[in-house]
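Any read-out appearing in this document is the output of simple, stated calculations on the displayed coordinates, not a laboratory observation. A quick note: this is a predicted structure, and the numbers were derived from the prediction, not measured.
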Amino acid sequence: MTNNYFGANLLNTNSDLPLYRQLENALVARITSGQWGPGTKIPSEPELCEIFDVSRITVRNALSSLVQRNMLVRERGKGTFVRDVEVVAEARSVHSFTTEMRNMGIKPGSRILSVETVPARQEVARALELSEGSDVIQIERLRTGDGRPIAIQTTHLVASMFPNIAQKLRDNSSLYTVLNQEYNIKPLEATEIFRAISLPAKWAKKLGVSRGKPAFSVTRTTFAQRGVFEYTHSILCGDRYHVQLSLKNP
């Protein structure tokens, strides 16, 4: 096997970036581009040494890092495989889904399923501090990570704060970026509530998984300087999205 297996991908020995990090980035590029899809068996350690002209320890360090990032999984006696997309969310600030994915080295994606003005039902009105039946903008989106469906998000915004927002939204755009650039609204704090559920049929179909699979139902109420502006309900695949928190005593 030769280095041409990947094309011209010899690592730069003169770079300040360690070789194992360069190799890690090269392998991530194959995964995020879809060249190596979920379940793909990657070349063995000796093969990667030959392909990239690096030592065994360099390869092992790069692979160990990707295993820790949940991008690869080792199976004893079989080899190393690309994992199905799994997002591990840690304690974080008030980021958009787009930013959260990018911070974890995952390529974010978003497809707008619908945008419409609707009367606020009781739950939405209470969260947005409106009268029941007030106009709210409802945005439903399919969220993906590295091309795989992760969540269905239904966002409600105070309609009076965001005129003509339907004309400003695009697939794969960050909603928070649009709100900041077009309406000078920047999230300052949010409250999230996670609940464990089994996926109802209507959500399972949109996410491309089986009915009854474990999932998270997450509600977020988000505040800006001018007060509450967003209430979002997300359905997240339980086998693709995990929550990891660090706990310590004071």
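One table, with the values for the structure above:
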item	result
Column: log10 I(q)/I(0), Debye, Cα scatterers of the range 130-188, q = 0.15, 0.19, 0.21, 0.27 Å⁻¹	-0.52, -0.79, -0.93, -1.25
The range 3-82: proportion of alpha-carbon pairs further apart than 17 angstrom, %	41
Residues with amide H under 5 Å from that of Leu199, placed H, sequence gap 5 or more	Gly212, Lys213, Ala215
Cα gyration tensor of the range 126-250 - equivalent ellipsoid semi-axes, whole Å, descending	26, 19, 15
